[in-house]
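What follows is a set of notes on a single structure, which appears directly below.
The values are calculated or read from the model by the stated rules, or taken from the named source; none is laboratory data. All values derive from a computational prediction rather than experimental measurement. When we count neighbours, we look across all protein chains shown, and the Cβ atoms used for this are built from the backbone with ideal geometry, even at glycine. In case anyone asks, the SASA skips ligands and DNA or RNA and just uses the protein heavy atoms, side chains included. Shrake-Rupley method; radii C 1.70, N 1.55, O 1.52, S 1.80 Å.
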Amino acid sequence: MGRGGEATASAGAASEWDVIVVGAGVAGASLAYALGKEGRRVLLLERDLSEPVRIVGELLQPGGYLKLKELGLAHCVDDIDAQKVYGYAMYKDDGEALVGYPLEGKGDDVAGRSFHNGRFVMRLRSAAMARPEVDCRQATVKKLLASSGEEWREGETVAGVRVAVGDETTQDFFAPLTVVCDGYFSAFRKKLTPRSERVLDHPSTFVGIILDGDPNALLPRPGHGHVVLGDPSPVLFYPISSCEVRCLVDIPAHVDMPSVASGAMAEYVLTKIVPQVPEKLREPLRLPLKKGAV
């Protein structure tokens with residue numbers, strides 16, 4: 001099928017693509033768009049082209065926005081109810097410190113942007129799909145291939161990919177360059193960079209909560225991300241739309257993960273976290289917790 005459709009067994013040939021991009025998230029979709037704009041023939045492969053639901057990647061720093069402008073993708077933060085962010089309000093105990101972005105002389109449009117990650121990703125994908133040089137297909141990349149058509153091994157050149165489509169039909173695609181952008185939980189990172197693989201001995205987990213209401217009314221410092229340096233770990237607040245504020249509670253590895261289903265997570269946040277956040281945010285944070293919205 002054409003751009004945005006599923007990969008089919010009849011599509012693709014050894015010389016059809018200049019670049020294969022694996023993953024149509026923020027990096028992959030942006031790269032495909034930029035390469036297409038340069039006239040490269042790009043095959044963009046994504047396991048699931050529906051709107052992703054994530055609680056990270058929701059605050060784009062000003063440098064990221066400037067890069068979007070450079071790539072011609074600044075419009076991707078339009079029409080998604082993105083909110084401008086100008087810096088951070090930091091809290092510890094009873095103290096507050098404001099840290100602004102150095103934006104002087106950069107233009108009125110330059111600021112951070114916070115939003116629903118999925119909405120942003122879909123705008124980037126739409127921009128990539130609109131390029132005639134980019135063919136975006138829904139398919140799961142199962143293997144990286146060597147030029148022989150066999151599975152790639154250390155020391156060989158990656159020449160292409162083997163993908164599976166909805167009915168598990170497989171198809172091989174080849175290009176002079178393959179770029180893997182399949183995210184934090186990459187199936188290929190360990191194979192491609194075994195010596196640089198990051199091992200997290202003490203990982204932590206973010207728990208996401210949405211506070212309903214106008215961010216300008218809910219947040220102590222409108223137009224800012226809020227960082228509470230609490231015990232046992234930081235808590236973040238930032239707007240993700242004109243009627244929602246995201247709260248991220250970090251649960252460090254040494255804390256037994258409370259159960260969401262049993263209500264233990266809500267109780268943990270109510271008793272341990274709420275008393276540490278700025279007073280203005282306490283009741284707005286209690287409300288979704290009492291409804292079980294964690």
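A compact table of results
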read-out: Positions within the range 91-101 being closer than 18 Å to Pro275 by Cβ and open to solvent by 50 Å² or more (accessible area, probe 1.4 Å), in sequence order; value: Lys92, Asp93, Asp94, Glu96
read-out: Lone qualifier among Asp135, Asp182, Asp172 - being under 17 Å from Val42 (Cα atoms), open to solvent by less than 30 Å² (accessible area, probe 1.4 Å), out of contact with any Pro (no Cβ under 9 Å at 6 or more places or on another chain) and of a type in the set (Asp, Glu); value: Asp135
read-out: Count of residues meeting criterion [open to solvent by less than 20 Å² (accessible area, probe 1.4 Å) and either at pLDDT 95 or above or assigned to a strand (DSSP E or B) (or both)] in the range 228-245; value: 8
read-out: Flag if Gly263 is modelled with pLDDT under 95, farther than 17 Å from Ile55 by Cβ and surrounded by 14 or more Cβ atoms within 10 Å (Cβ to Cβ); value: yes
read-out: Lone qualifier among Asp108, Asp79 - being in contact (Cβ under 8 Å) with a residue 40 or more places away in the chain, in a loop (DSSP other than H, G, I, E, B) and either open to solvent by 50 Å² or more (accessible area, probe 1.4 Å) or in contact with a helix residue (DSSP H, G or I) (Cβ under 9 Å, 6 or more places away or on another chain) (or both); value: Asp79
read-out: Qualifying residue in the range 165-173 (condition: polar (S, T, N, Q), closer than 18 Å to Ala29 by Cβ and assigned to a loop (DSSP other than H, G, I, E, B)); value: no
read-out: Residue tally, condition without any contact (Cβ under 8 Å) to a residue 12 or more places away in the chain and of a type in the set (Lys, Arg), over the range 128-186; value: 1
read-out: Unique residue being surrounded by fewer than 23 Cβ atoms within 10 Å (Cβ to Cβ), at pLDDT below 95 and not acidic (Asp, Glu) when the list is Gly57, Gly25; value: Gly57
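Table: residues versus (1) at pLDDT 95 or above; (2) in a strand (DSSP E or B); (3) under 30 Å from Glu244 (Cα atoms); (4) under 26 Å from the mean Cα position of the chain (by Cα).
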site	(1), (2), (3), (4)
Glu104	no, no, yes, no
Arg113	yes, yes, yes, yes
Gly118	yes, no, yes, yes
Leu124	yes, no, yes, yes
Ala128	yes, no, yes, yes
Pro132	yes, no, no, yes
Arg137	yes, yes, no, yes
Gly155	no, no, no, no
